[in-house]
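Worksheet: the structure to be examined is printed underneath.
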Amino acid sequence: MPQHMTYGEALIAALDEVMEHDQRVVLFNPSFIGMATGQDKLAALRKKYAKRIKFPPIAELGFCGIATGAAMAGLRPVVDLSTATFSYEAMPQIVNEAAIAYANSGGQTTVPVVFYVKFGIRGGGGVQHSGSPQSWYWNTPGLQVVMPSTPADAKGLMRTVLLTSADPTIFFSHDRLVDERGAVPDGAYEIPLGKADIKREGHDLTIIATSIQVPRALAAAAILAKEGVSAEVIDPRTLQPLDTPALLASVKKTGRVLITDESHDNCGVAAGLAAIIADEGFASLRAPIKRVSIPPVPVPYAVPLEDFVTPLAERIVEMARVLLR
Amino acid sequence: MLPAIPREQQLGILRKMLMIRRAEEHCIRFHAEHEGLIRGHFHVYIGQEATGVAVCESLNADDYVFTTHRNHGHVIAKGGDPKKVLAEIIGRATGYCQGRAGTFHVAAPDVGIIHTSAIVGGCLALAAGTAYAAQVKESTALTVVFFGDGAMEEGVFYEALNIAKLWQLPMIFWMENNYRRTGRGAGHAATELTNVPKALQIETTVIDGIDVGTVHKTAVESVQRTRAGEGPLFVEARTQLWPGNAFAMPKLVGGITDIAWAWNASAAPENVREWHKNCDPILQYIRELEGAGVGRAEIEQLDAHVCQEADDAARFALASPLPEPQAALHYAFAGQGH
């Protein structure tokens, strides 16, 4: 009997289950859910594992480096950076130390650290608290990029990363997903990295969607269905590793693809996925690849400005109509 | 002064110091004699050998050491194989990191140097991380992070020291001030660099970094106190820049070091004479050993053995194969599914 819980509660459940058995898992600054539902569960987690939890000073560069060094020495730290843009303060340690150590050492030093960030246009975050750096980190060899869209996926992927990963991971939760509810299977289960999931089957058009764009794509697909269009929605769930065969198979089936991700257009996730499909799936395409993401401006504050740049369901519907013309 | 340890161990320190000197002389010759063998610029540890060797002498095999762009000396001091160091410097498949790291990033996990950053402050926080891991695991392993005065100009220095003190981490911040940074213009507003850790309530010591006995005594005491939970501690070891180091590409401006200069300083070429007379930790240590009754012949024989071993290491490196091109794609990820 699956339980209904929020995305944030599912993450906390994953951490609790793993930490109970694995003393190597330590937490830095565990907030995970911000001000969302589940504060009681977060408080319980903090109390239960107080000895393995640190609340470092406001020093992202310092504590991300410390977590990285601790991972090199055999711990499995999970660092909650809170807002994704705060990770920019720690880029030298994440990108230029954690990500390269395994390769530099010729496979001798593993770095099983998790950097957890809440990203994206959260509503009023303005230019500095609405960041979507998934494409930067995807463009950093050595980092795993995980961005689940549902509570069930969030739990299964977090368990996989904590239990089996030997590589540094950036775990992206969209700020607006953390309080979303969904069915979560009972008991312990893992979802492998690099395994896409078809969230809705269809045959006229493939919508590749990440994180918050998955519910938006599903809403768009429902609208399109009323117009007689059958859209398939596929969620890669992890960008690194990437389930390229599953994406290509869907494109082969439909011949049309729209890619939507809440990062910026230029060199964004949608651009990266489009390049792969153009390279490897060109023969399947019956129309140009289309993207729905954020235009290349810093995300503004006021509601109409913010809405204008947000890749909402209506924009996906409009772009799908263009694609099907 | 001589370190207060048995004679055999005293000679072991000399042996390692000489090994670093001889290996790095080969490194400089690789660059000078073979176009493109070392790709780009590089840095050497010549003149600072007393510090690395005497500190590592006071550590256990499972203690962590972090180093910098000037890592060759620290790797050998911690017990690393000179063959694998020289091979890595010239990018060979037999090097410590199979040719991926090069001179700047030699890591030797088998001797506790698990990662090497060439960003001057790059390892400060990582070192606090291994110290934190030891604390969590209730292990006795401690961490020594070597860095230069230049690293104190980076923001991560402040963050790492602040957290290390707040969490009482079992580690020693070991700053090697070779005055290279100062020679390029003032880089720090603090008049004494130790004022910075002092402001964070971290106990500091300033020592002569070319004196083996002083370094060893300070290291042994600091290690003991850090293991007893009195860390973190901060040490500044001062050395004088070797004249051949005053270039982006080090040069053997006075030829290779002749240990006979320990007894006859005037035999050294004029451009390096003052440095070898007053600032060379190896020649000073040799004179002290002789003063304590170690015969000149024994010292010369020891150097000859080290030279032989360093020559062998250089030959090994030069004869080693380059990595297979397609190995470039290996080791991006440790895990499955990639």
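The values are calculated or read from the model by the stated rules, or taken from the named source; none is laboratory data. Being a predicted model, the structure only gives us computed values, none of them experimental. All Cβ positions, glycine included, derive from the backbone under ideal geometry; neighbour counts span all protein chains shown.
Observations
- Within segment A:132-170, tally of residues that are farther than 19 Å from A:I234 by Cα and touching a strand residue (DSSP E or B) at 6+ places or on another chain (Cβ under 8 Å): 13
- For segment B:168-189, filtered to residues that are outside any helix (DSSP H, G or I), surrounded by fewer than 18 Cβ atoms within 10 Å (Cβ to Cβ) and over 20 Å from the mean Cα position of the chain (by Cα), the residue that is modelled with the lowest pLDDT is B:G185.
- Failed item, numbered, when B:A313 is tested on (1) over 25 Å from the mean Cα position of the chain (by Cα); (2) more than 14 Å from chain A (Cβ to nearest Cβ); (3) surrounded by 13 or more Cβ atoms within 10 Å (Cβ to Cβ): (1)
- Checked against the criterion of being more than 30 Å from A:M72 (Cβ to Cβ) and either in contact with a Ser or Thr (Cβ under 7 Å, 6 or more places away or on another chain) or surrounded by 24 or more Cβ atoms within 10 Å (Cβ to Cβ) (or both), the candidates A:P192, A:P151 yield just one match: A:P151.
- The sole residue among B:A328, B:A334 that is free of Cβ contacts under 8 Å to residues at least 40 places away in the same chain and in a loop (DSSP other than H, G, I, E, B) is B:A334.
- Evaluation of A:G106 against the conditions (1) in a loop (DSSP other than H, G, I, E, B); (2) under 21 Å from A:E89 (Cβ atoms); (3) within 14 Å of chain B (Cβ to nearest Cβ) shows that the sole unmet condition is (2).
- Residues of segment B:227-242 satisfying the condition of being buried (at least 22 other Cβ atoms within 10 Å of the Cβ) and not in a loop (DSSP other than H, G, I, E, B): B:L233, B:F234, B:V235, B:A237
- Check on A:D167, touching a Leu at 6+ places or on another chain (Cβ under 8 Å) and either of a type outside the set (D, E) or crowded, with 21+ Cβ neighbours inside 10 Å (or both): yes
- Among the conditions (1) on the phi > 0 side of the Ramachandran plot; (2) surrounded by fewer than 19 Cβ atoms within 10 Å (Cβ to Cβ), B:H34 misses just one, which is (1).
- Screening A:L81 against (1) in a helix (DSSP H, G or I); (2) more than 24 Å from A:P185 (Cα to Cα); (3) of a type in the set (A, V, I, L, M, F, W, C); (4) more than 8 Å from chain B (Cβ to nearest Cβ) leaves a single unmet condition, (1).
- Under the condition of being within 9 Å of chain A (Cβ to nearest Cβ), in a helix (DSSP H, G or I) and within 18 Å of B:L169 (Cα to Cα), the residues counted in segment B:108-148 number 13.
- Matching option when the condition is surrounded by fewer than 17 Cβ atoms within 10 Å (Cβ to Cβ) and at pLDDT below 95, among B:Q301, B:Q336, B:Q308: B:Q336
- Residues being within 13 Å of A:I207 (Cβ to Cβ) and crowded, with 17+ Cβ neighbours inside 10 Å - total across segment A:225-267: 17
- Out of A:V113, A:V127, sole residue that is surrounded by 24 or more Cβ atoms within 10 Å (Cβ to Cβ) and either modelled with pLDDT of 95 or more or more than 14 Å from chain B (Cβ to nearest Cβ) (or both): A:V113
- Test result for A:G69, facing chain B (nearest Cβ under 8 Å), of a type in the set (G, A, S), closer than 14 Å to A:N29 by Cα and buried (at least 24 other Cβ atoms within 10 Å of the Cβ): no
- Residue ranges of helices (runs of 4 or more DSSP H) in segment B:17-99 with at least 2 members over 26 Å from A:G107 (Cβ atoms): B:49-57
- Selection of segment A:27-58 for residues being within 8 Å of chain B (Cβ to nearest Cβ) and without any contact (Cβ under 8 Å) to a residue 12 or more places away in the chain yields only A:P57.
- Residues within segment B:293-325 that are farther than 28 Å from A:Q108 by Cβ and assigned to a helix (DSSP H, G or I), tallied: 12
- Selection from segment A:175-210 of residues that are basic (K, R) and either closer than 21 Å to A:D80 by Cα or not in a loop (DSSP other than H, G, I, E, B) (or both): A:R176, A:R181, A:K199, A:R200
- Pair list, Cβ < 6 Å and 6+ apart or interchain, from segment A:66-87 residues that are over 19 Å from B:L169 (Cα atoms) to residues that are in a helix (DSSP H, G or I): A:L81/A:S87; A:F86/A:E60
- Number of the condition not met by B:P170 [criteria: (1) farther than 24 Å from B:H72 by Cα; (2) without any contact (Cβ under 8 Å) to a residue 40 or more places away in the chain]: (2)
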